[in-house]
Amino acid sequence: MKIMVSAGEVSGDVHASYLIKELSRLLPGAYFFGMGADRLREVGVDVRLDISRRGTIGIFEALPNLFPIYFSYRKLVSLLEQERPDALILVDSQGINVPLAKAARKRGIKTIYYIAPQEWLWGTPAGVKNISSTLDLIIAIFEKEYLSYRSAGANVFYFGHPLIDIAKPSLSLSDSLNKYIGKNDPTPYPIISICPGSRKQEVLGLFPIFLASINIIKRSFPSARFFIPASTDYFYNYFLDFVKSHDISVFSGGTYDLLSISDLAICASGTINLEASLLSVPNLMVYRLSRLSYFIGKNILKIDRKLSYFSMPNILLDKMVVPELIMDNANPSSIAKEAISILSDRSRIVKIKTAFSLLRSQLGAPGVILKAATCIRDFILSYS
């Protein structure tokens, strides 16, 4: 049995790796190949194509990658034709994966979407119907997503959010403190994780702003310790060069262990906000786009009319728990002010953590990835 996987970004590569690890156990002897990055390689996928460094946010920010991604799409279509897999599993990366799903359907190849396009959130009813009619199976990761796709006639299942299984420290709290702070050192306050994202464009844009905010925070908290859990080895080396003149520790991996000992996380907008929230860590969401992309999103696509909030924890809780610092507010002074406000207010921290406990209860019970993999296995076998 041959199964093709398509994961274009770092976060998709991570989610896909957990899924394929379970599927490999459920489908012994299956051959997995396609597009991915380091994490999929680690679980035995034959990665033929890697575009994980080309991830962007925004309309005009994506233009420099338009032709490279198109050529990558053509390579993936050629792979479909050459290998004729029994199924295609698409993970996130809507821009390349939705056209790829349509190409697969034309060739009679079953299509499965895991971490599906969020048309249910900021798209249109027509977009939801388009996605539903393009795919043979959708594994939803939010209940509202499931209900939206189901109402559009999709073959969709919901088992909870996979981060319930994934977002866990590998070390105990004391072992993490010993590893990152030191056995004989007193625990400093605050410990702050800096998470500037996994897309090169957002890292380059946000990281200097984060560094400047650190200098302001230190004025109020001179004993603060700052850590950066790099999402990839590429960014690990980049951050090391960048922080030579700053008192910041950089680590490759260990994100959940570092978050588990953190009093606050300053984050680029993305999955990391949900991950930090599930680990009960107060966090900030920082988001910047080009002014033209922001103008189009606000005035033409009317995103702000569809959404009251922009970070997933706030969307799911339907209230502002994670401060959202967007565009002009995504500046060192505002970031530092919000960070200092949280760290100085114990009652606010308690309220935030109480909200995060409710959030976690909304996202399902452990065993999500195994249930999703079992559903996908049964679907594939029903057609093979």
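Some notes on this structure:
- Residues that are closer than 20 Å to PRO222 by Cα, among the aliphatic types (A, V, I, L, M) and not in a strand (DSSP E or B) within the stretch 260-290 comprise just one, ILE261.
- Any hit, the stretch 131-139, residues being modelled with pLDDT under 95, closer than 21 Å to ASP13 by Cα and among the polar types (S, T, N, Q): no
- Among residues of the stretch 82-109 that are more than 14 Å from ILE69 (Cβ to Cβ), those with a beta-carbon under 8 Å from a residue that is hydroxyl-bearing (Ser, Thr, Tyr) and surrounded by fewer than 18 Cβ atoms within 10 Å (Cβ to Cβ) at least six positions away or on a different chain give the pairs ASP86/TYR383; ASP86/SER384; ALA87/TYR383.
- ASN237 being part of a helix (DSSP H, G or I), closer than 21 Å to THR187 by Cα and not charged (D, E, K, R): no
- Looking only at the stretch 133-144, and only at residues there that are buried (at least 16 other Cβ atoms within 10 Å of the Cβ) and either of a type in the set (Val, Ile, Thr) or more than 19 Å from ALA16 (Cα to Cα) (or both), the one that is farthest from the chain's Cα centre (by Cα): THR134
- Residue count, the stretch 219-242 (criterion: over 29 Å from LYS337 (Cβ atoms) and either hydrophobic (A, V, I, L, M, F, W, C) or buried (at least 16 other Cβ atoms within 10 Å of the Cβ) (or both)): 3
- Some residue of the stretch 122-132 being surrounded by 20 or more Cβ atoms within 10 Å (Cβ to Cβ), of a type outside the set (S, T, N, Q), in contact (Cβ under 8 Å) with a residue 12 or more places away in the chain and more than 22 Å from TYR256 (Cα to Cα): yes
- Helices (runs of 4 or more DSSP H) contained entirely in the stretch 123-205, each with at least 3 residues that are of a type outside the set (Gly, Ala, Ser) and either touching a strand residue (DSSP E or B) at 6+ places or on another chain (Cβ under 6 Å) or assigned by TED's automatic domain parsing to the domain that holds VAL91 (or both): 125-134, 143-151
For every residue, the table says whether it meets (1) surrounded by fewer than 19 Cβ atoms within 10 Å (Cβ to Cβ); (2) over 23 Å from the mean Cα position of the chain (by Cα); (3) outside the structural domain of ILE192 (by TED's automatic domain parsing); (4) among the aliphatic types (A, V, I, L, M).
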site: ILE326; (1), (2), (3), (4): yes, no, no, yes
site: ASN329; (1), (2), (3), (4): yes, no, no, no
site: ILE335; (1), (2), (3), (4): no, no, no, yes
site: ASP345; (1), (2), (3), (4): yes, yes, no, no
site: LYS351; (1), (2), (3), (4): yes, yes, no, no
site: SER357; (1), (2), (3), (4): yes, no, no, no
site: ILE369; (1), (2), (3), (4): no, no, yes, yes
site: ALA373; (1), (2), (3), (4): no, no, yes, yes
site: ILE376; (1), (2), (3), (4): no, no, yes, yes
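The values are calculated or read from the model by the stated rules, or taken from the named source; none is laboratory data. Just so it is clear, the structure is predicted and the values come from calculations on it, not from any experiment. Cβ atoms come from the backbone with ideal geometry, glycine included; neighbour counts cover every protein chain shown.
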